[in-house]
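All remarks here apply to the structure that follows.
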Amino acid sequence: TEPSLIRNFSIIAHIDHGKSTLADRMLGLTGVVTEREMRAQYLDRMDIERERGITIKSQAVRMPWQVGEKAYALNMIDTPGHVDFTYEVSRSLAACEGAVLLVDASQGIEAQTLANLYLALEDDLTIIPVLNKIDLPGAMPEKHAEELASLIGCQPEDCLKVSGKTGEGVAALLDEIVRQVPPPTGDPAAPTRAMIFDSVYDTYRGVVTYVRVVDGSLTARQRLKMMSSATTHELLELGVISPEPTPTSGLGAGEVGYLITGVKDVRQSRVGDTVTSADKPAAEALAGYRDPMPMVYSGLYPIEGTDFPVLRDALDKLRLNDASLTYEPETSAALGSGFRCGFLGLLHLEIIRERLEREFDLALISTAPNVEYHVVTEDGTELDVHNPSEFPDGKLKEVLEPVVAATILTPSDFVGPVMELCQDRRGTMKNMQYLSADRVELHYTLPLAEIVYDFFDQLKSRTRGYASLDYHLDGLAPADLVKVDILLNGEQVDAFSAIVHKDAAYNYGTTMAQKLRKLIPRQQFEVPIQAAIGTRVIARENIRALRKDMLAKCYGGDITRKRKLLEKQKAGKKRMKAIGRVEVPQEAFIAALSSE
Ligand code: GTP
């Protein structure tokens, strides 16, 4: 297809504003998916996505669309909506010239509508404002068209009105995409340069790489070169997704498709890299992507110690299409060998963990998530701490924690409860403005550690689901933080150390000590459980000793009963970890680390 007949676009929206439904409708209208084949949310391929109803990985689909005499090829690049996945959004947008900004006509503009719009504007994309769900009785398209128009600087009449559910207005939207989105620029005659914007590992086919050709072209059966590693590969298959992978003989400038090279090592097809021709390589690579920064860290440990290499291999594979996932081996006295992993947020952590368990058959323990701290000791040494057990003991000159700039949109009725919540979480208000008489935009600086856990849930429950949140990292700030250690019979249990605000230390210590007292079985001797900051004990519980006559009772009577008891103890011991003299069943660690 020649560039003038190609349109590359994304749909961007706040979560649940109907992006996937609209995408499905477009697939149906363009005939890419027939009524019979249509299953809900065709583009959400991964099981987890379908179950949770959210889009995680981006997908690129090609759709034919006729306007007048001309047959166009529309490449729709789907983007995820959750705040954890902003990085994937910006990656997808870099492969497009236009974006459909979709807003639920019953809800109006939300925090991620703004965040995604800004990302699209950074990439100089043409924005098509669209109000969705106009079939809803509560839809107020006129009112929200005005808000949307004043946000992006157009006329309210320029906002299209559609329903992804009924299909109303969707054909007109496709026409408008052809009319408004510029065709891709790029030099078809220049040496080939294609940007890798996604890469997935497929058990049957090896690594499948998604590319957007910027200059030149790719032809089936040519030799390719990956510019960052200078490795060359035979091209085995080239194609487009429409909606299943369909081989083609070539991809021209501006086109989006996939390629398979038979590469087995996932690290050789890195997202953000430039693909060129091995015979006539381009001189310079395309500007790559900025690597996203992990926000939360957690230790992942296989329950079966022998699964460690499987876990490493699985992380290598997931990392291929998720540059935001970082991991380094670490050892814990309590949990054995595992990895310290960095994630974009808690949802990201949960999804990676679930994929590891489902796709790679791993059973895992994850330690309590924490953010990264910057510590300056008395003698001026500076260090970054990703794991509470690395937090230095003794006096510290300064502890810095990451803070975020948060934007919260809420109906004005809930301003009070929102401010209260932010105050509880050590937030500082920057400013507040009314978007309209009944909608308020609040700006806060908040410690990242305070918002990664249940902040979003709390915000939703205090505003009956009406408030929305977006945030980005905004540097470091000093804070009064301490490390709380948990000691079992005087031995520190590394997996339970936590870095918490001074005011929350006592609460963390007592809760953990009480939890463990209930989870750890009695031993032959009394076992103290202590929570301590340095050498200062802040909480204590005792596990009482087993009564001496437990076995004695069996004497003189039933000998088989005694043997059974001993065998059972032996089997149980297999899954015990010794912390000093104390035997702790693995279940106790799992239960204590699970957030109830
Ligand atoms: P993420 O992929 O998680 O970002 O969500 P999404 O934006 O793709 O939303 P999705 O398409 O999953 O739709 C969210 C909800 O809105 C679903 O319950 C849809 O059935 C509903 N919905 C989507 N479009 C329409 C519409 O035009 N009208 C009505 N009435 N409901 C819609």
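The values are calculated or read from the model by the stated rules, or taken from the named source; none is laboratory data. Owing to the predicted nature of the structure, the values given are computational and were not obtained by experimental measurement. When we count neighbours, we look across all protein chains shown, and the Cβ atoms used for this are built from the backbone with ideal geometry, even at glycine. Ligands, DNA and RNA are excluded from the accessible area calculation, which covers all protein heavy atoms including side chains. Shrake-Rupley method; radii C 1.70, N 1.55, O 1.52, S 1.80 Å.
How much length, in nm to one decimal, is gained on full extension between Ala230 and Glu244, taken as 0.36 nm per residue of separation minus their Cα-Cα distance?
That works out to 2.0 nm of additional length.
Pick out, in residue order, every one of the GluC sites (Glu not before Pro) in the range 334-379 that is DSSP loop and has at most 12 other C-beta atoms within 10 Å; say none if there are none.
Glu378
Using amide H atoms built in the peptide plane, which far-off residues or other-chain residues are under 5 Å from Ser10 H to H?
Ile77, Gly98, Ala99, Val100
Would you work out the charge dipole size for the chain about its Cα centre, treating the Cβ of every Lys and Arg as +1 and the Cβ of every Asp and Glu as -1, and quote it to the nearest 20 debye?
Roughly 3000 debye for the chain.
Out of the trypsin sites (Lys or Arg not before Pro) in the range 282-362, which ones are loop residues according to DSSP with at most 12 other C-beta atoms within 10 Å?
Answer by residue number: Arg290.
For the range 99-106, in order, what is each residue's ³J(HN,Hα) by Karplus, 6.51 cos²θ - 1.76 cosθ + 1.60 with θ = phi - 60°, in whole Hz (x at glycine and Pro)?
With coefficients 6.51, -1.76 and 1.60, one gets 9, 8, 8, 9, 10, 4, 6, 9 Hz.
Quick one: angle between helix 415-424 and the longest Cα principal axis of the chain, in degrees between 0 and 90, rounded to 10, please.
50
Note the angle between two axes, namely the Cα long axis of helix 19-29 and the longest principal axis of the Cα atoms of the chain, as a number of degrees from 0 to 90, rounded to the nearest 10.
40
How large is the accessible surface per residue of the chain, computed with a 1.4 Å probe and reported in Å² as a whole number?
45
Can you give the charge dipole size of the range 193-321 about its Cα centre, rounded to the nearest 20 debye, using +1 on the beta carbon of Lys and Arg and -1 on the beta carbon of Asp and Glu?
280
Relative to the longest principal axis of the C-alpha atoms of the chain, give the angle of the C-alpha long axis of helix 502-519, reported between 0 and 90° and rounded to the nearest 10°.
Long axis of 502-519 versus the principal axis of the chain: about 70 degrees.
Across the range 452-461, in residue order, what do the Karplus-derived ³J(HN,Hα) couplings come to in whole Hz, using 6.51 cos²θ - 1.76 cosθ + 1.60 with θ = phi - 60° and x for Gly and Pro?
Each residue of the range 452-461 in turn: 6, 7, 10, 4, 4, 4, 4, 4, 4, 6 Hz.
Just to confirm my numbers, what's the Cα centroid distance between the range 402-442 and the range 213-263 in Å?
Cα centres, the range 402-442 to the range 213-263: 47 Å.
Any of Lys460/Lys483; Lys143/Lys430; Lys397/Lys430; Lys460/Lys502; Lys397/Lys483; Lys143/Lys165 with alpha carbons more than 19 Å apart? Name them for me.
Violating the 19 Å limit, Cα to Cα: Lys460/Lys483; Lys143/Lys430; Lys397/Lys430; Lys460/Lys502; Lys143/Lys165.
I'd like the chymotrypsin sites (Phe, Trp or Tyr not before Pro) in the range 203-271 restricted to DSSP loop residues with at most 14 other Cβ atoms within 10 Å, sorted by number.
Answer in residue order: Tyr204.
So what's the back-of-envelope 222 nm ellipticity for the chain, counting only DSSP H runs of four-plus at -39500 (n - 2.57) apiece and dividing by all residues, rounded to 500?
After summing the helix terms and dividing by the residues of the chain, the value is -7500 deg cm²/dmol.
Given the convex hull of the Cα atoms of the chain, what is a quarter of its surface area in nm²?
With the hull built on Cα positions only, its mean projection is 33.0 nm².
What list of ³J(HN,Hα) values in whole Hz, one per residue of the range 527-538 in order, does the Karplus curve 6.51 cos²θ - 1.76 cosθ + 1.60 (θ = phi - 60°) give from phi, with Gly and Pro shown as x?
Using θ = phi - 60°, the values come out as 10, x, 10, 10, 10, 9, 10, x, 9, 8, 7, 10 Hz.
Taking a ≥ b ≥ c as the square roots of the eigenvalues of the Cα gyration tensor of the range 288-414, is the shape rounded (a/c under 1.5), prolate (a/b larger than b/c) or oblate?
Oblate, since a/c reaches 1.5 and b/c is not below a/b.
For the range 303-358, with only Lys/Arg (+1) and Asp/Glu (-1) charged at the beta-carbon, what is the dipole magnitude about the Cα centre, in debye rounded to 20?
Roughly 120 debye, rounded to the nearest 20.
Considering only protein heavy atoms and a 1.4 Å probe, what is the carbon-and-sulfur percentage of the accessible area of the range 393-443?
On the range 393-443, the fraction of accessible area on carbon and sulfur atoms equals 47 percent.
For the range 175-196 and the range 486-514, what is the separation of their C-alpha centers, rounded to whole Å?
For the range 175-196 versus the range 486-514, the Cα centre distance is 56 Å.
Could you put Ser298, Ser229 in order of accessible surface area, largest first, with the 1.4 Å probe and the full protein assembly present?
Largest accessible area first, the residues go Ser229, Ser298.
For Cys154 and Glu587, calculate 0.36 nm times their separation in residues minus their Cα-Cα distance, and state this gained length in nm to one decimal.
Length difference between fully extended and current span is 150.0 nm.
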